[in-house]
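The values are calculated or read from the model by the stated rules, or taken from the named source; none is laboratory data. Quantities reported herein were computed from a predicted structural model and do not represent experimental measurements. Here the Cβ is made from the backbone with ideal geometry for all residues, glycine too, and neighbour counts use every protein chain on show. All accessible areas refer to the heavy atoms of the entire protein, side chains included, with ligands and DNA or RNA removed. Shrake-Rupley method; radii C 1.70, N 1.55, O 1.52, S 1.80 Å.
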Amino acid sequence: QVQLVESGGGLVQPGGSLRLSCAASGFTFRFAYMGWYRQAPGNQRDLVAEIYSDESTNYVYSVKGRFTISRDNTRNTVALQMNSLKPEDTAVYYCSTALGGRAYWGKGTLVTVSS
């Protein structure tokens, strides 16, 4: 079955960096769309960054130039490098894929940006 397991969250000061990783299994990773989403308390879950099988990427405007999404098709992982973090980046970050018209989600990892 499809499994997505996020790691790498934590507490970081404003201006700091974190690297999130998502380990994927149960599907043919190299052909799959992969995305990172986030959900802050009281807010809906929103797209942060996405990467396609051809390694093309898209980012939400608020993270452009600060976050980088990448994939490793040999390890079936997708990463999100987050630099210059701001308090408004605080959220639970989720890894996602879409297969056969259905979205799959990991359990999420909490990122807290605070001094």
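Summing Cβ point charges (Lys, Arg +1; Asp, Glu -1) relative to the Cα centre of the chain gives a dipole of roughly 100 debye. One chain, two ends: Trp105 and Phe31. Fully extended at 0.36 nm per residue, the span grows by 24.9 nm beyond their Cα-Cα distance. Toward the positive end of the charge dipole of the chain, with +1 on the Cβ of Lys and Arg and -1 on the Cβ of Asp and Glu, the farthest Cα among Leu80, Ala91, Gly108 is that of Gly108.
For the peptides 11-17, 82-88, the ranking by mean Cβ contacts within 10 Å, running from highest to lowest, is 82-88, 11-17. Each of Gln81 and Val60 was given a label point 7 Å from its Cα along the Cα-to-Cβ line. The distance between the two points is 2.1 nm. For the pair Gln3 and Gln39, label points projected 7 Å from Cα toward Cβ lie 2.2 nm apart.
Note that the stretch 18-79 presents 55 Å² accessible area per residue, ligands and nucleic acids not counted, probe 1.4 Å. Can you give me the % of accessible surface on the chain that is carbon or sulfur? Probe 1.4 Å, all protein chains present, nothing else counted. That share works out to 46 percent.
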